[in-house]
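What follows is a short report on a single structure.
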Amino acid sequence: MNKSNGKLVIICLVILLIILHHDVWNWDNKEPVFGFMPMALLWQAGISIGAGVTWFLATKIAWPDFSEDEEETVVTESTPVYEVAE
Amino acid sequence: MTQLIIITIYLCLLLGLGLFSSKLFRGTSKDYMLASHSIGPFMLLMSLFGTTMTAFALVGSTGESFKEGAGVYGLLASSSGIIHSLCFFVLGVKLWSLGRKYGYTTQIQFFRDRLESDRIGIILFPILVGLVIPYLLIGVMASGTVINSITEGAFESTFAEYDYGIPPWLASLVICIVVLIYVFFGGMRGTAMANTAQTIVFMILGLITFFIISNKLGGLEQATNNVLEKNPTKMKRSIDEQDLEKYKLDYGKWQTVAYYNYAVNHDQLTLSAEQKKQAMDEFKAPLPPFLKKDRAPAAFAKKNGLLDGLSIRDRNLAMLEQDDRMPSDDHESNFDSELMSHEDLAHYKRKSGADITGLTMFKDKIGNPSDPTKWTRKKAKGVYRASKWAPDAPRGMSPWKFLTYFFVPLSVGMFPHLFQHWLTAKSADSFKLAVVAHPIFIMLVWVPCVLLGVWMTSAVHPDTGAALIPPHFPPNAVLPAAVKALTGPFMAGLLSAGILAAIMSSLDSQFLCVGTMFTTDIVTHYSKKERFTDQQLIMIARAFIVGIVALTYIFSLFEPRRVFTLGVWCFSGFSSLFPLVLASLYWRRLTKAGAYAAVIGAGLSWLYMFQDSGFASNPHYDVLGVMPVTFMILISTASMIVVSLVTKGPSEATLNKFFPQPKARVEDS
């Protein structure tokens, strides 16, 4: 998978996580899961795990390559421009 | 005393670590401020996580879920798991790369360069330092509360007015001094090492605390069943019918007591001795004598229509009096004609320190808590609040507020101390572990804390069967109170050390960061080259840090705020500047004037709403039903875009510097 496709996958996954985070369907659910865990808490803990997985994927398929960037950079370190501008 | 000894040993070990790390210090200001860019993936993860998880995560989340229920996790923890790592990924790595390339140490250096404006530093410096102060305040305040609560009864006769424990002002002072010492000795390297050690300590001890407490409460299922039975609203985000019915009943009874006390105090009613005796005989509820004293005659007066003569105005005044609130000179126009609701009542300012009356009321019961029959002064005040003030209305969560809470964690993009931590990374790859593990670590810390807070709403003491934490209990003290009540002195000492570890692992980075900003962005920037030696710069940084810590310490002596509420205000301020950092990295058209507009828009909107919320005294403050941060971000973004589009864009040199074209494209053209 190339970097731009990878970034697209990560953007979609983050949007999905944001939608799933707003779990209005659990608003009235007070029944504990596994006998002790409030659903409001369990669902959101699942979102945290989902976030961990998404960011793991991001490091594999969308991580920027800085060594390449630096090689391709045209402009090198220069005097801060504001000293000239102001 | 055992707890005090353990906390002291822990603080000494921490000082030892600071001294050890000073041996690795290379003597340069770069090493002092950025550890010479030598921090690897594990230490970067631990120091970033330790820095973001402050008193807010342990003390604040437990107290807030005690008040608002299990939904608190969704408000900030799960959203932070998504947003924090997003910021590390989208901003952190890029800023690290620019920082390495152009030698930045602080955010302001980057903004000055990117915006071609020297003066942006003048406006950003006070705003960033001003926002770090409430962040510091959270830690300083919470450390005082934790140590005081955990050491109650440690002394035989000293500090009686602090329940024979270390006074919060002294505890906060000691914590500030310890953190100052190890930051001064070790600089950024010492801070990163201490953060790593302390993060490991608080995560392990936090999990141990959780299992010990759940065991004491009869196991995980029993602890949750107690909540389902007594406070089901805390298990979800809407109001439970059972809680609503109970509240209506309790509020009605409370109104009767308020009317009765008002009528008696204002000579509108006097019960004869015979009526009083009859009232006591008829009152069957098994209440302690101090409660029965006014509940019984109030019920009798209501039953026999003796309160019917009270006017609406009298009834409204009666509720204000009973709830220790101050009548206003300009009441609502319908104050005399309409009975005010509980919500209206809450708008009146409560008399400061009204619960001190509890100390007089229960003076015979107050004593050294090492004697189990005696009450602490905190308990006396708590019982006074729970028995005199109106019962808390069950509260659900607004889906709109829940949604707009998502903007709060954007603050990490603008935390100056995180910027500095990002720059310590050895390579861009060092970020990978932090990006992936951060959401999981948040879950490991927050889930137990939120569960504990929820359980404490309905927990009873395993030996006495009495409520462990009464209603109206100060939320900041819920975690230490639970630890103290449900564990032995040795464990309580260890667990408190864990809580303090979390607090100090944020304070240290913030201390170091304000010193770095002052020397880099003000002193070095505005003085002639080579005017100060590295040693002198380090001394100047230290002096500024001491000044800011002293100021924060003075603020901590004033009336405390809810840690969670204060934290959200502080984070909201930083979040309102998020559009600026994002645009400066990804929007070529951002101009100097646009940046000024964003900063001014963010600053003014934050100031206005913060004062409108009573300086964080109203924990339920919102703007049109959503979190105030929503409008701060909207205002700063809109001002930035509009002003940038109508002003002259950045110079070619700056665009080439921050948005370099790939070689191939340049060659093609």
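The values are calculated or read from the model by the stated rules, or taken from the named source; none is laboratory data. Everything numeric in this text was worked out from a predicted model, so none of it was measured. Please note: Cβ atoms are built from the backbone with ideal geometry, for glycine as well, and neighbour counts cover all protein chains shown.
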- Note: among B:CYS513, B:CYS449, just one is in contact with a helix residue (DSSP H, G or I) (Cβ under 7 Å, 6 or more places away or on another chain) and within 14 Å of chain A (Cβ to nearest Cβ), namely B:CYS449
- Message: For segment B:215-243, give me each residue that is in a loop (DSSP other than H, G, I, E, B) and either more than 8 Å from chain A (Cβ to nearest Cβ) or small (Gly, Ala, Ser) (or both).
- Response: B:LEU217, B:GLY218, B:GLY219, B:ASN231, B:SER238, B:ILE239
- Note on the structure: Per the filter on segment B:94-112, residues at the interface with another protein chain (Cβ under 9 Å from one of its Cβ atoms) and buried (at least 23 other Cβ atoms within 10 Å of the Cβ) are B:TRP96, B:ARG112
- Message: If I go through segment B:434-445 residue by residue, how many of them are buried (at least 21 other Cβ atoms within 10 Å of the Cβ), facing chain A (nearest Cβ under 8 Å) and of a type in the set (A, V, I, L, M, F, W, C)?
- Response: 5
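Applying the selection to segment B:448-466, what residues are in contact (Cβ under 8 Å) with a residue 12 or more places away in the chain and either β-branched (Val, Ile, Thr) or not in a loop (DSSP other than H, G, I, E, B) (or both)?
B:PRO448, B:CYS449, B:VAL450, B:LEU451, B:LEU452, B:GLY453, B:VAL454, B:TRP455, B:MET456, B:THR457, B:VAL460
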- What pairs can you find where one residue is in segment B:593-619 and under 19 Å from B:VAL129 (Cα atoms), the other is small (Gly, Ala, Ser) and not in a helix (DSSP H, G or I), and their Cβ atoms are less than 6 Å apart, with a gap of 6+ or different chains? B:ALA602/B:SER576; B:TRP606/B:SER576
- Task: Could you please give the count of residues in segment B:361-375 that are without any contact (Cβ under 8 Å) to a residue 60 or more places away in the chain and either in a loop (DSSP other than H, G, I, E, B) or assigned by TED's automatic domain parsing to the domain that holds B:GLU152 (or both)?
- Result: 8
- Message: Just to be sure before I move on: is B:THR457 surrounded by fewer than 21 Cβ atoms within 10 Å (Cβ to Cβ), hydroxyl-bearing (Ser, Thr, Tyr) and in the same structural domain as B:THR516 (by TED's automatic domain parsing) in the structure I sent?
- Response: no
- Item | Enumerated helices (runs of 4 or more DSSP H) restricted to segment B:39-91, each holding at least 1 residues that are within 28 Å of A:ALA58 (Cα to Cα) and either under 15 Å from the mean Cα position of the chain (by Cα) or more than 9 Å from chain A (Cβ to nearest Cβ) (or both) | B:41-52, B:78-87
- So A:ALA85 clears everything in (1) buried (at least 20 other Cβ atoms within 10 Å of the Cβ); (2) modelled with pLDDT under 90 except one condition, right? Which one? (1)
- For segment B:62-85, name all the residues that are crowded, with 24+ Cβ neighbours inside 10 Å and basic (Lys, Arg). none
- Only one of (1) in a loop (DSSP other than H, G, I, E, B); (2) among the small types (Gly, Ala, Ser); (3) on the phi > 0 side of the Ramachandran plot fails for B:GLY165. Which number is that? (3)
- Note on the structure: Counting only residues that are modelled with pLDDT of 65 or more and buried (at least 17 other Cβ atoms within 10 Å of the Cβ), segment B:16-30 contains a total of 3
- Message: Against the definition (of a type in the set (A, V, I, L, M, F, W, C) and surrounded by fewer than 24 Cβ atoms within 10 Å (Cβ to Cβ)), how does B:ILE120 come out, yes or no?
- Response: yes
- Taking segment B:638-657 and keeping only residues that are surrounded by fewer than 19 Cβ atoms within 10 Å (Cβ to Cβ) and assigned to a helix (DSSP H, G or I), one is left with B:ALA638, B:ILE641, B:VAL642, B:LEU645, B:VAL646, B:GLU652, B:ALA653, B:LEU655, B:ASN656
- Item | Sole exception among (1) surrounded by fewer than 19 Cβ atoms within 10 Å (Cβ to Cβ); (2) aliphatic (A, V, I, L, M); (3) modelled with pLDDT of 90 or more for B:ILE204, by number | (3)
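May I ask you to list the residues in segment B:211-223 that are buried (at least 19 other Cβ atoms within 10 Å of the Cβ) and either out of contact with any helix residue (DSSP H, G or I) (no Cβ under 7 Å at 6 or more places or on another chain) or of a type in the set (A, V, I, L, M, F, W, C) (or both)?
Residues satisfying the conditions are B:ILE213, B:LEU217, B:LEU220, B:ALA223.
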- So B:PHE419, is it away from chain A (no Cβ under 11 Å) and more than 30 Å from B:GLY358 (Cβ to Cβ): yes
- Any chance you could count how many residues in segment B:247-292 are over 24 Å from B:ARG313 (Cα atoms), among the basic types (Lys, Arg) and part of a helix (DSSP H, G or I)? 3
- over 30 Å from B:LEU98 (Cβ atoms), touching a Gly at 6+ places or on another chain (Cβ under 7 Å), of a type outside the set (S, T, N, Q) and within 14 Å of chain A (Cβ to nearest Cβ), is that true of B:PHE431? no
- Message: Quick check on segment A:19-48: of everything there that is within 7 Å of chain B (Cβ to nearest Cβ) and of a type in the set (Val, Ile, Thr), which residue is nearest to the chain's Cα centre (by Cα)?
- Response: A:ILE47
